[in-house]
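Note sheet for the following structure.
The values are calculated or read from the model by the stated rules, or taken from the named source; none is laboratory data. Just so you know, these numbers come straight off a predicted model, no measurement behind them. All Cβ positions, glycine included, derive from the backbone under ideal geometry; neighbour counts span all protein chains shown.
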Amino acid sequence: MIDDKFTREAHVNYERLGTVVNIAVQALDEILTYGYGMQPLDLNRKVIDDWRSIGLGIFGLADALVAMGIRYGSKESIEFVSDVMEHIMLYALETSSDLAHHYGSFRKYDFEKICESQIIKAFPYMRDKIEMDGLRNGSLISIAPTGTISLFAGRFTGGVEPMYQVAYERTSHSTEDEGKTFFVYARGVEDLLKFHGIDPQKITVDEIKARFPFVIESHEVPWKERVALQGVMQDYVDNSISSTVNLPNSATWEDIRDIYMFAWEQGLKGITVFRDGCKRGNILGVSKDEPVESMYNMVEPLKRGSTYRVDGSTFKQRTACVPSMYVTVNKSDTGDLMEVFTNASGGCQANINTITRLVSLLLRAGVKRDIVIEELRENQCPACQALRRQGKSLSLSCGNAIADAMTAMLDDESTVEHDGYLVCPECGKHTLRPEGKCFTCSNCGYSKCD
């Protein structure tokens, strides 16, 4: 949307922006109509009828600022963002009103209440048009993170976030053995370097920042500037804005409090703060000087000999190829499941014994028993499924037989909860999984499509 990029004459092409917004609003509204019959619940359809909310968003803001030669967070960038978002909302309102003229407004449209909206008050010249034609959509703009979408679109920056890194170093399969690496630059910076005839592989990040002082990374943007920029954007966004303030590990709780208070004062509907090194992992974490210790090849399972007493029960199970499988499940002296043994009258003894040994190993290594049970149930034997459909009472595989015994030992159905599953008309279990317009039972194999 920027013409004459990287020059003193760089500017937003508002005519093109208006065309794109017009097309996008029409497309988003049409998606509501197209997907109406595919909604899983009547409540979903009611919400569409009542509000017809859409979420037009943006990405690549940081790249646009680089193209304009403006530093993210500066007073000039705040004025730029305010002007761009004002135009986007104006174009969106015009299109939504045009659509309402042809197709009608959303069901809960109320002109008097609409006029009380701060968004509408910012566009007094739209009042007469809205009163005459109405509005097709109850809300129009929502700024999502767009991390993946912006990457696929050409390595642009996500949402309204500042540039996380100017460049990062990587290698390839063909060069890793030689120890060779190369830099991958943020799209805006890469285009900037190409415009000035600079080889991206022959300049450092520090040299780029020295030559182009408007190039700035997220951790270099003062948080007050970051929040202030989002504040002027919120003036023209009727939904929320996804934005994360990344803080160094040295940030204090007072810093975080001040950010949230300032965000509230700016009228933001939401903001996220992440302090590097916090317990919850940061997928784009600031690199640390010390090496990160690998979590693989570390866990030493508890030895059976360290347990004074075990209590267990034996359950008789059955599968298609094992008429009698006796599964013994033992608990430790603390009441935790710790091991499984099997005695099978058929089937592949080596495979069954391997499964039981690995299950026991996982339990003594501290893996959550619910996860172990879920994994055991993941695969079902076709022969077992066929017999189950004939009304035979048996487990769906040898792994399922062990999971059934562990579940019985726990005597607690919550360990194998099936949230969101329906009751299967064939077997009566809560194992009927909706998949689009079809339903499949993971217990007996029943399936049906509407």
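Would you point out which residue out of 361, 376 is of a type outside the set (Gly, Ala, Ser), touching a Pro at 6+ places or on another chain (Cβ under 8 Å) and assigned to a helix (DSSP H, G or I)?
361
Pairs needed: first member in region 49-64, touching a residue at least 60 places away in the same chain (Cβ under 8 Å); second member anywhere, among the polar types (S, T, N, Q) and assigned to a helix (DSSP H, G or I); C-beta distance under 8 Å; at least 6 residues apart or different chains.
Listed by first residue and then by second, the contacts come to 59/150; 60/150.
Would you check which residues across region 135-173 are within 20 Å of residue 86 (Cα to Cα) and over 23 Å from the mean Cα position of the chain (by Cα) and list them?
135, 136, 137, 138
When you check residue 277 against the structure, is it out of contact with any helix residue (DSSP H, G or I) (no Cβ under 8 Å at 6 or more places or on another chain), more than 27 Å from residue 53 (Cβ to Cβ) and either surrounded by 12 or more Cβ atoms within 10 Å (Cβ to Cβ) or at pLDDT 85 or above (or both), yes or no?
Taking the combined requirement at face value, the residue satisfies it.
Name the one entry in 227, 221 that is buried (at least 18 other Cβ atoms within 10 Å of the Cβ) and under 24 Å from the mean Cα position of the chain (by Cα).
227
Any residue in region 210-219 that is among the basic types (Lys, Arg) and more than 21 Å from residue 156 (Cα to Cα)?
Yes, some residue in region 210-219 is among the basic types (Lys, Arg) and more than 21 Å from residue 156 (Cα to Cα).
Out of 78, 130, 114, which single residue is within 18 Å of residue 239 (Cβ to Cβ) and surrounded by 17 or more Cβ atoms within 10 Å (Cβ to Cβ)?
Checking each option against the conditions leaves just 114.
Please tell me if residue 100 is hydrophobic (A, V, I, L, M, F, W, C), farther than 30 Å from residue 219 by Cα and in contact (Cβ under 8 Å) with a residue 40 or more places away in the chain.
No; evaluated as a whole, the condition is false for this residue.
Please list, ordered by residue number, the helices (runs of 4 or more DSSP H) wholly in region 13-128 having 3 or more residues that are among the aliphatic types (A, V, I, L, M).
Fully inside region 13-128 and qualifying: 14-34, 42-51, 61-68, 75-103.
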